[in-house]
Amino acid sequence: MVERGYAGITIREIVMVAGTGLGSFYEYFASKEDLARVCLHLRSKALLVAMQDAVARHAGRPLREIVDALIDSQIEAHRERPEEWGAHYLLERHLSGADAYRKMYERFVDAWADALAAASDLPAGCAMREAARVSQTVMYGLVSHVHISAVGAPDLQALSRQARTAVNAYLETLR
């Protein structure tokens, strides 16, 4: 998919790479789009699990530490095969309907809200849901656009620095 794009791949090629037959493919998937949606979902779910694990490991610590741990979890998840992540985000834009996108987006906002709630120094009266939504929007925007626009592997160190600066600076305004 990285070399030829999603449209350039046939189901026959998919089953050949998978080492299975067409019948087996159609036993589980109605189309190439169904398979792609499952793959997108599984990759996105892996990002969510990484966030949840980071929150669990850092619960009760200061907000900045938790935010940095979340950002680290997302950067690390993108470190292996970064060119595939660019293809992932492009395919997501192509195949995800509004309802599916909203549902997954809300899961990420929930993960950010859980992270904010786990902080030892969350400001009183913080509009947590709004802060979680803005944090997710900033993170998703940076990560997806860097991967889509990169020629070769993106500079993940710079991405981490930019995400930390943007999210932490925003959250600091809530104090």
### Query
Summing +1 for each Lys or Arg and -1 for each Asp or Glu, what net charge is found among the other residues whose Cβ lies under 14 Å from the Cβ of residue 116?
-2
### Message
Give me the Å³ per residue figure for the convex hull around the C-alpha atoms of the range 24-130.
### Response
116 Å³
### Task
Evaluate the distance, in nm, between pseudo-label points positioned 7 Å from the Cα of residue 52 and of residue 162 along their respective Cα→Cβ axes.
2.9 nm
### Query
In which sequence would 63, 22 go, from the one with the fewest C-beta neighbours within 10 Å to the one with the most?
22, 63
### Task
May I ask you to sort 39, 126 by Cβ crowding, counting other Cβ atoms within 10 Å and putting the fewest first?
39, 126
### Query
Relative to the Cα centre, what is the charge dipole magnitude of the chain, using +1 at the beta carbon of each Lys and Arg, -1 at the beta carbon of each Asp and Glu, and rounding to the nearest 20 debye?
180 debye
### Message
So if I average 1/r over every pair of distinct C-alpha atoms in the range 70-175 and take the inverse, what Kirkwood radius in Å does that give?
### Response
14.7 Å
### Task
Provide the gained length on full extension for the span residue 83 to residue 140, in nm with one decimal, where the gain is 0.36 nm per separating residue minus the Cα-Cα distance.
18.9 nm
## Note on the structure
Using alpha-carbon positions, the gyration tensor of the range 47-92 gives root eigenvalues a ≥ b ≥ c; with a/c under 1.5 called rounded, otherwise prolate if a/b exceeds b/c, else oblate, the class is prolate
### Cut-off 13 Å between beta-carbons: net charge of the residues surrounding residue 104, Lys and Arg +1, Asp and Glu -1
+3
### Summary
Out of 12, 79, 64, a Gaussian network model of the chain with alpha-carbon springs under 10 Å gives the largest mean-square fluctuation to 12
### Task
Select from 46, 31, 56 the residue farthest towards the positive end of the dipole of the range 27-107; place +1 on Cβ of Lys and Arg, -1 on Cβ of Asp and Glu, and compute about the Cα centre.
56
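Coordinate-derived values only; no laboratory data. As the structure is a prediction and not an experimental result, all values here were calculated from the model. Cβ atoms come from the backbone with ideal geometry, glycine included; neighbour counts cover every protein chain shown.
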